[in-house]
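Q: I am attaching a structure below and will ask some questions about it afterwards.
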Amino acid sequence: MPCIFWYLSGRRAYLRYLDDIYKHNERSWFTPVELFKPWYAHGIAEAIMRTANFSVPLKIYEIGGGSGTCAKCIMDYIMLNAPERVYKNMTYTSVEISSSLAKQQLETVGEVRSHLSKFKVECRDATDPSGWADVDSQPCWVIMLEVFDNLPHDIIYSENQVSPWLEVWLEKQHHKYEISLQKNNYASVFLK
């Protein structure tokens, strides 16, 4: 059930709400997209709509799309709020390493039948370069909400838009922890 924020009287009420969700579900964690459904994904969709070049078809890639909640909610928002041609000509590709999650994504997105002709799941490892076709010069959006959470780093950092991406590493050396900045070539592949 989506969170209806105006019914919550503050932080404590919100924490009770979260506690209740976890007590009454078999899952031990939820992503922000699921907790704040549909608003979190609608916010992403709104950002896409405000900055996309609609003279070319809208292309969205999601790496690690989980249960498909983000994809469905973004597509819902675009269907209801974008010019008809934008929704009609868009493509949404999810790259998912888990076959069970790939199947679940198709079911979730398929709750709205018209989404299925625009949506596909590629069940593969997104880090394998052989899965990516030739470079396409057309603009696209890449969504990786859960990927950066799960990378083996503490923080990805860039001082400004032209500086290289750095990882902040916390390393144990001689019985104490040292903080260091290291260039992150892996992140720079996805964050151009």
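The values are calculated or read from the model by the stated rules, or taken from the named source; none is laboratory data. Here the structure is a predicted model, which means the values were calculated and not measured. Don't worry about glycine lacking a Cβ; one is built from the backbone with ideal geometry, like all the others, and counts go over all protein chains shown. Only protein heavy atoms, including side chains, enter the accessible area calculation; ligands, DNA and RNA are left aside. Shrake-Rupley method; radii C 1.70, N 1.55, O 1.52, S 1.80 Å.
Q: Pairs needed: first member in the range 110-138, over 12 Å from ILE63 (Cβ atoms) and touching a residue at least 40 places away in the same chain (Cβ under 8 Å); second member anywhere, part of a loop (DSSP other than H, G, I, E, B) and open to solvent by 50 Å² or more (accessible area, probe 1.4 Å); C-beta distance under 8 Å; at least 6 residues apart or different chains.
A: GLN138/PRO57
Q: Taking the condition of being out of contact with any Asp or Glu (no Cβ under 7 Å at 6 or more places or on another chain), part of a loop (DSSP other than H, G, I, E, B) and among the β-branched types (Val, Ile, Thr), how many residues in the range 92-151 meet it?
A: Residues flagged as out of contact with any Asp or Glu (no Cβ under 7 Å at 6 or more places or on another chain), part of a loop (DSSP other than H, G, I, E, B) and among the β-branched types (Val, Ile, Thr) within the range 92-151 amount to 2.
Q: Here are VAL147, VAL109, VAL142: which of them is surrounded by 14 or more Cβ atoms within 10 Å (Cβ to Cβ) and modelled with pLDDT of 95 or more? Don't jump to the end; show me each part of the working.
A: Values: VAL147 fails: modelled with pLDDT of 95 or more; VAL142 fails: modelled with pLDDT of 95 or more.
Matching residue, one of VAL147, VAL109, VAL142: VAL109.
Q: Could you run through the range 125-139 and say how many residues are exposed (fewer than 15 other Cβ atoms within 10 Å of the Cβ) and touching a Gly at 6+ places or on another chain (Cβ under 8 Å)?
A: 1
Q: Moving on to the next point. Taking into account only those residues within the range 152-175 that are among the aromatic types (Phe, Trp, Tyr) and part of a strand (DSSP E or B), which is modelled with the highest pLDDT?
A: Among those residues, the one meeting the criterion is TRP169.
Q: Please verify whether the range 23-46 includes one or more residues that are modelled with pLDDT of 95 or more and more than 13 Å from the chain's Cα centre (by Cα).
A: Yes; the residues of the range 23-46 include at least one that is modelled with pLDDT of 95 or more and more than 13 Å from the chain's Cα centre (by Cα).
Q: Going residue by residue through the range 56-78, is there one that turns out to be of a type in the set (A, V, I, L, M) and free of Cβ contacts under 8 Å to residues at least 12 places away in the same chain?
A: Scanning the range 56-78, I find no residue that is of a type in the set (A, V, I, L, M) and free of Cβ contacts under 8 Å to residues at least 12 places away in the same chain, so the answer is no.
Q: Got a number for residues in the range 50-85 being assigned to a helix (DSSP H, G or I) and surrounded by 17 or more Cβ atoms within 10 Å (Cβ to Cβ)?
A: Going through the range 50-85 one residue at a time, the tally reaches 11.
Q: Another question, then. Quick check on my filter: what residues within the range 48-77 are under 13 Å from PRO38 (Cβ atoms) and of a type in the set (A, V, I, L, M)?
A: Across the range 48-77, the qualifying residues are ALA71, ILE74, MET75.
Q: If I go through the range 1-19 residue by residue, how many of them are modelled with pLDDT under 80 and closer than 25 Å to GLY68 by Cβ?
A: Qualifying residue count for the region: 6.
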